[in-house]
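For reference, the structure discussed in these notes is given below.
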Amino acid sequence: MTVRVRFCPSPTGSPHVGFARAALYNWVFARHHGGTFVFRIEDTDKARSTEESYQGMLGAMRWLGLDWDEGPEVGGPYGPYRQSEREDLYREVLAKLAGSSYTYDCFCTTEEVDARRKAAGSKVQGYDGFCRDLDAEQRAAFEAEGRAPIVRFRMPDGSVTWQDLVRGEVSFETEFVPDFALCRANGDPLYTLVNPVDDALMRITHVLRGEDLLSSTPRQIPLHRALVELGVSEAVPEFGHLPLIMGEGNKKLSKRDPQAHLFMYRDQGFLPEGLLNYLALLGWAIAADRDVFTLEEMVEAFDIADVNPNPARFDLKKASAINGDHLRMLSVEEVTHRVLPFLKQAGVVGDPVGDADAQLLEQAMPLVAERIGKLTEAVDLLAFLFVDEADFSVDEADAAKLLDEQGREVVRAALDAVEGLPTWSTAAIQEALQASLVEERGLKPRVAFGPVRVAVTGRRISPPLFESMELLGRDRTLSRLRAAVA
RNA sequence: GCCCCGUUCGUCUAGUGGCCCAGGACGCUGGCCUCUCACGCCGGAAGCACGGGUUCGAAUCCCGUACGGGGUACCA
């Protein structure tokens, strides 16, 4: 049997980290088994779905590098893949169900149901089955009142049990699972119908989703069985419920939580492979003593049975650390390529990049590639090399600390030592400063080079000083040293 | 309230009855390296929720309790 899995977000709001994790696990599962990864858009809720959000979902998948075999823009044999374009299909299936004994028409309002539940002192919430066995006369009476019925699924007696791919055996007594609505009174199909119907129609074999949907499974399995019985599909899929990702306060990470937003990580300079690696760790481990790996390695090693069922807290610090490890796995050329958009956006280099800047960048990147944990950090480290001399400024707080009277004295000495250098090279600069400041004046290296660093780069934290001075060039370096002591 | 799921260092995890007086990672912390910051290296503190069983033997199996989470719509 060929594995077919799907990832089916609702385009409401911006994609969040739970989105990325669910997409990742489904994608990896499909790739591991050589199966098909279906991307479907669940936009049946017309009031909440937006085109902007839809575009965001596609953009998020592309940024993450999770490609889909069937879905929007690539098509496939079971399309269309946006539920808003599948309404005819749902109405067709709904008609089949309505013509069977698996469903019944229900005329009750929510208020009536609540009132009856309350009066009966029932512990169970939701529908009470009032309309299950209406006769023709009762139907006629409701219709005479002008009521439009909805279609409800008739839950079977007994229990629903399945082998959850992540949790093992899970079982619900159906007395606690009320008959549920499949459509609105106006005929609009609901998620309860549409999600399992699409899984059935698209021949999905494994449903991997968040634990928040665990309690909808005892409704979906009987519905799937009915669909098989009615010839709509061939088999009931297997289910696996992934642990939820928790945020602050140990609540499910919600769209309201700023840490939840995927694009925040992209904009902060996370690598998609770094974020994905971290997300994979929330519920899965590749080995006992290892937690940095590539997507390919994950595809190779992934087994849904190894996924941990308990919820995990999102830890930004560890996510950053893993991201840093991935950054250091990249070649300098690759880091340069990834950093470039951030440099352009910050206006550090032009767009397109000029020849001189490109050359300078190529020389400077080896100095910064290893010392950043996020792509945006390169911008701060590199800006001093590219800025127009007129716009160069020294960080005030850093200047206050290091360019005091004593610091300026050091800078004067540095200026003397370096001004007449016959060759302007890292080695020559280092030798001259070392001799003058450390050996001659007996200064500790950090005391000697700190003020010079601030004067030349504008900050206490910078790429290595002597290399920086060489790259900056003699003229600009000297003018900055003079400016610092003026 | 009711139903379901879960519970190993602060956090993420390894562990599927003896290899565990519990291993790794992030974080924290002492030190080394060092022109700053990172990186790298060496060391430290820190955990099997609790109570009963089962067993020669339990972090691992069973029951209960506590705690946490999810669900409970004509949302998805």
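Take each of the peptides A:40-49, A:318-327, average the number of other beta-carbon atoms within 10 Å over its residues, and list them starting from the highest.
Numbers: A:40-49: 17.0, A:318-327: 20.1.
Highest mean packing first, the order is A:318-327, A:40-49.
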Check your understanding: Can you list the aspartates and glutamates whose alpha carbon is less than 16 Å from that of A:Lys96, not counting same-chain residues fewer than 8 positions off?
Key -> A:Glu87, A:Asp88, A:Asp105, A:Asp188, A:Asp198, A:Glu229, A:Glu234
Exercise for review: Give the order of A:Asp67, A:Asp398 when sorted by the count of other beta carbons within 10 angstrom, beginning with the fewest.
Suggested key: A:Asp67, A:Asp398
Exercise for review: Could you list, by residue number, the cysteines of chain A that have no other cysteine's beta carbon within less than 4.7 Å of their beta carbon?
Suggested key: A:Cys8, A:Cys108, A:Cys183
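Scan region A:115-150 for GluC sites (Glu not before Pro) in coil per DSSP, keeping those whose Cβ has at most 15 other Cβ atoms within 10 Å, and list them by number. If you can, show how the numbers build up before the last one.
Working: sites: A:Glu137, A:Glu143, A:Glu145; in loops: A:Glu145.
Sites meeting the loop and neighbour criteria: A:Glu145.
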Point to revise | Label point distance in nm, A:Lys252-A:Ser331, each placed 7 Å from Cα along Cα→Cβ | key: 4.5 nm
Check your understanding: Quick one: length gained pulling A:Arg48 to A:Met1 fully straight, 0.36 nm per residue minus the C-alpha distance?
Key -> 13.2 nm
Review point. In degrees, nearest 10, range 0 to 90: what is the angle between the Cα axis of helix A:217-229 and the longest Cα principal axis of chain A?
Key: 60 degrees
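Strictly over 23 Å apart at the Cα level, which of A:Lys252/A:Lys318; A:Lys123/A:Lys251; A:Lys252/A:Lys317; A:Lys374/A:Lys401; A:Lys317/A:Lys374 would you flag in this model? Write down the numbers at each step before the final one.
On the way: A:Lys252/A:Lys318 19 Å; A:Lys123/A:Lys251 26 Å; A:Lys252/A:Lys317 19 Å; A:Lys374/A:Lys401 27 Å; A:Lys317/A:Lys374 12 Å.
Pairs exceeding the cut-off: A:Lys123/A:Lys251; A:Lys374/A:Lys401.
Which trypsin sites (Lys or Arg not before Pro) from region A:169-216 combine a DSSP loop assignment with at most 12 other Cβ atoms within 10 Å? Don't skip to the end; give the middle numbers.
On the way: sites: A:Arg184, A:Arg203, A:Arg209; in loops: A:Arg184, A:Arg203.
Answer by residue number: A:Arg184.
Provide the packing ranking of A:349-359, A:461-471, i.e. peptides ordered by the mean count of other C-beta atoms within 10 Å per residue, highest first. List each step's numbers first, then the result.
On the way: A:349-359: 13.0, A:461-471: 19.3.
Answer by packing, highest mean first, reads A:461-471, A:349-359.
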Exercise for review: Quote the FRET efficiency, to the nearest 0.05, computed for A:Glu175 versus A:Ile461 with a Förster distance R0 of 45 Å and r equal to the Cβ-Cβ distance.
Suggested key: 0.10
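Assigning unit charges at the beta carbon (Lys, Arg +1; Asp, Glu -1) and nothing else, what dipole magnitude in debye, to the nearest 20, does chain A show about its Cα centre?
Working: 54 positive and 76 negative charges, 179 e Å.
In total the dipole reaches around 860 debye.
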Check your understanding: If we count every other residue with Cβ under 10 angstrom of A:Ser159's Cβ, Lys/Arg +1 and Asp/Glu -1, where does the sum land?
Key -> -3
Practice item. Report, in degrees rounded to the nearest 10, the 0 to 90 angle that the Cα long axis of helix A:474-485 makes with the longest principal axis of chain A. Key: 90 degrees
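Divide by every residue of chain A the summed helix terms, -39500 (n - 2.57) for each DSSP H run of at least 4, and state the resulting mean residue ellipticity at 222 nm, rounded to the nearest 500 deg cm²/dmol. Each step should come with its number before you reach the end.
Numbers: 20 runs with 226 residues, N = 486.
Value at 222 nm, helices only: -14000 deg cm²/dmol.
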Revision key, fill the gap. With Cα coordinates, the longest principal axis of chain A makes an angle with the long axis of helix A:272-281, in degrees rounded to 10, of 60 degrees
Check your understanding: So how far apart, in nm, are the two label points at A:Glu229 and A:Asp416 if each is 7 Å from Cα heading toward Cβ?
Key -> 9.8 nm
Review point. Calculated FRET efficiency, A:Asn186 and A:Glu73, Cβ-Cβ r, R0 30 Å, to nearest 0.05?
Key: 0.45
Review point. A:Gln406 versus A:Lys444, label points 7 Å from Cα toward the beta carbon: distance in nm?
Key: 1.0 nm
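What's the exposure ranking of A:Arg328, A:Arg4, going from fewest to most Cβ atoms within 10 Å?
Fewest-to-most ranking of A:Arg328, A:Arg4: A:Arg328, A:Arg4.
Computed from the coordinates by the stated procedures, all read-outs in this text should not be read as laboratory data. What you see is a predicted model; the values in this text were computed from it and never measured. As a convention, Cβ positions derive from the backbone with ideal geometry for all residues, glycine included, and neighbour counts pool all protein chains shown.
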